[in-house]
Structure formats: C-alpha cells, structure tokens
Amino acid sequence: MAKKVAIEFEYDFYNSLEDLAPVEKELIIASRKIAKKAYAPYSNFFVGAAVLLENGKVITGNNQE
C-alpha cells in the first residue's frame, strides 16, 4: 500500500536578478542560456541547470528527450 507524504519547504522570493548575489545571478543566467539548447520535442519543456562546484567551476546541463 502506498503511503502519502507531505513535503514542505521555504524559499526566498526576489523581484529581480539584480537583487541576487553575483554568483547566484551567474548561475541563473547560465541555466537560462543552456536551457535554450535543450531538446524537448515531446514535452516542449526546456530545462537548464547550473551547479557551482567547490573549486569555483560552473557545470551546466539540460534535458534531451
């Protein structure tokens, strides 16, 4: 039998990219840029992601259907 679990979380809302710290702004810009290269002919849902590593390198990825 399946068990239902509720998930709760909190988040901060910003009105503009300009309100973010420079590194956070860089990650969002990188995510948006790589999302444009996603291949989503079925869902038409283009996803981009960016991760900041401990060494300062940014890794990006997107969905490929």
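Do you know which residues across the range 38-52 are touching a residue at least 24 places away in the same chain (Cβ under 8 Å) and more than 22 Å from VAL23 (Cα to Cα)?
Those that are touching a residue at least 24 places away in the same chain (Cβ under 8 Å) and more than 22 Å from VAL23 (Cα to Cα): ALA38, TYR39, ALA40, PRO41.
Test GLU10 against the stated conditions and say whether it is part of a helix (DSSP H, G or I) and loosely packed, with under 10 Cβ neighbours inside 10 Å. Quick ask: steps written out before the conclusion?
Working: part of a helix (DSSP H, G or I): no; loosely packed, with under 10 Cβ neighbours inside 10 Å: yes.
For GLU10, the condition - part of a helix (DSSP H, G or I) and loosely packed, with under 10 Cβ neighbours inside 10 Å - is not met.
For GLN64, only one of the following conditions fails: (1) at positive phi; (2) touching a residue at least 24 places away in the same chain (Cβ under 8 Å). What is its number?
(1)
Could you check the range 30-58 and list, in sequence order, the residues that are part of a helix (DSSP H, G or I) and open to solvent by less than 40 Å² (accessible area, probe 1.4 Å)?
Here is the first cut: in the range 30-58, the residues part of a helix (DSSP H, G or I) are 30-35.
Those that are part of a helix (DSSP H, G or I) and open to solvent by less than 40 Å² (accessible area, probe 1.4 Å): ALA30, SER31, ILE34, ALA35.
The values are calculated or read from the model by the stated rules, or taken from the named source; none is laboratory data. Because the structure is predicted, anything quoted here is derived from the model rather than measured. Cβ: placed from backbone, ideal geometry, glycine included. Neighbour counts: every protein chain shown. When the accessible area is computed, the model is the full protein with side chains, heavy atoms only, and any ligands, DNA or RNA have been set aside. Shrake-Rupley method; radii C 1.70, N 1.55, O 1.52, S 1.80 Å.
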